[in-house]
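Before any comments, here is the structure.
Since every read-out is calculated from the coordinates, none of them should be taken as a lab result. On a predicted model such as this, the values are computed, not experimentally measured, just so you know. As a convention, Cβ positions derive from the backbone with ideal geometry for all residues, glycine included, and neighbour counts pool all protein chains shown.
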Amino acid sequence: MLIERPQDLPEALEGIGGSPHAVLLAGGTDLMVEVNLAHRRPEAVIALRRVDDLQTWEDGFIGAGVTYARMETGPLPALAELARTVGSPQIRAVGTIGGNLGTASPAGDTLPFLAAIDAEVVLGSRDGQRRLPWHEFLVGPKQTALTPGEVILGVQLPDHIPARQAFAKIGTRQAMVIATVNCCVLRDDDGTTRVAMGAVAPTVMRPREAERLASSEPRPSQAALDEFQRLVSAEVAPISDHRATEQYRRHAAGVLARRTLERCLTP
Amino acid sequence: MIVTLEVNGEPRSAEVAGWESLLWVLRERLGLLGAKDACLQGECGSCSVMLDGALVCACLVMAADVEGAQVSTVEGLASRAGLHPVQRSFVDEGAVQCGYCTPGLVVATAHLLDERPDASHDDIREALSGNLCRCTGYGALVRAVAAARDAAATAIDPAPADGDSEDRS
């Protein structure tokens, strides 16, 4: 196996351009599980943890190398909440937002926040940069629009960040668990509501009908919340797998989205 | 390839293959058997070590990427003067059953008390959430961590430590 350990971004981009099929290594918490279980034997690896440019977190730009541990104490409430639900302290110390995007699991915990806020994914190569809206980057389960020779540089958030934010997740225990369903709700003071659901479709998704209903209600009544819950359950498209059945996920998605919205409504 | 790193303050080097983890290198190349090999997927914490100041699962660290890193393992905690206070506390509180999870828990606990000398009951449970004890001896474990915390607080300030009573129940 060949490994490159670039010290800065130009060196990293040159290395990735020169070995476009090299595996990109950040925290290693996904890759090494596959390596340890002998599902993968990479021939070439480019290790990114020494690249300071990827650690940047300025204004609305979060570098791909920002760890869950940093998100936990960062300024964005929903991002902090979701980071705290990921793995264990050992995982959060090294796992990164760029890794979560690159792995593109339908259950990835940063993805509902990034989808709800309409983040763009910033990709770089030695030929330049491009930005893709989250839904053009995440194209399927564990599938992204990243092309050989490119690397995720980070995510760009919009200028406007809704003040009310909440994230919630259902799993079999509080720690060390992959989401059975996860959910992020963002709400503006004028009522505009954004909802994103994970682990209930091939990629993270926005239940648009439910969003429209919640956005039209300055103070949602119990009946409106019932309808919101029903719409979320109707709009998600889950599968049955070893973590839960399709029926359970559909029901849980509605309940979880409603509770998460209710948290955003509490004064 | 050869990687060079610092382990418990001493320069070490090892020939590693691409698929190897830091855990493999510590155990099989450097003869440090404290970090344990259990789940190999970051679920159990029995391979917890410190890597450049961060608590990590050594099984999830690619060995080829530790070039130049500083690693500390459970073997580096005790000194000639005796056990590390966390190790002493685990012994005193009987926080060990089969012992397989103990090295990882000791490293995680030492890290917690370095970072948060006043860790609450909830902080302790949260900090150890990635370290599984399949003997399920969690009550004694949490008591041992609280006792180590209180002993350190007493050593600094002779006034009685204001520990929460549930830790001792």
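For the reader, a short list of remarks on this structure follows.
- Selection of region A:1-11 for residues being surrounded by 15 or more Cβ atoms within 10 Å (Cβ to Cβ), more than 8 Å from chain B (Cβ to nearest Cβ) and either touching a Leu at 6+ places or on another chain (Cβ under 6 Å) or more than 14 Å from A:LEU153 (Cα to Cα) (or both) yields A:GLU4, A:PRO6.
- Which listed residue is farther than 13 Å from B:CYS101 by Cα, acidic (Asp, Glu), in contact with a strand residue (DSSP E or B) (Cβ under 7 Å, 6 or more places away or on another chain) and more than 9 Å from every other protein chain (Cβ to nearest Cβ), from B:GLU10, B:GLU15: B:GLU15
- Every residue from region B:1-46 that is under 16 Å from the mean Cα position of the chain (by Cα) and outside any loop (DSSP other than H, G, I, E, B): B:VAL7, B:LEU22, B:LEU23, B:LEU26, B:ARG27
- Considering residues of region B:47-71 that are assigned to a loop (DSSP other than H, G, I, E, B) and within 7 Å of another protein chain (Cβ to nearest Cβ) only, the residue surrounded by the fewest Cβ atoms within 10 Å (Cβ to Cβ): B:GLU67
- Region A:31-49, subset surrounded by 17 or more Cβ atoms within 10 Å (Cβ to Cβ) and more than 9 Å from every other protein chain (Cβ to nearest Cβ), residue nearest to B:LEU55 (Cα to Cα): A:LEU48
- Of the residues making up region B:56-113, those that are charged (D, E, K, R) and in contact (Cβ under 8 Å) with a residue 24 or more places away in the chain are B:GLU67, B:GLU75, B:ARG88, B:ASP92, B:GLU93.
- Counted residues, region B:87-138 - those being within 14 Å of chain A (Cβ to nearest Cβ), at negative phi and surrounded by fewer than 17 Cβ atoms within 10 Å (Cβ to Cβ): 8
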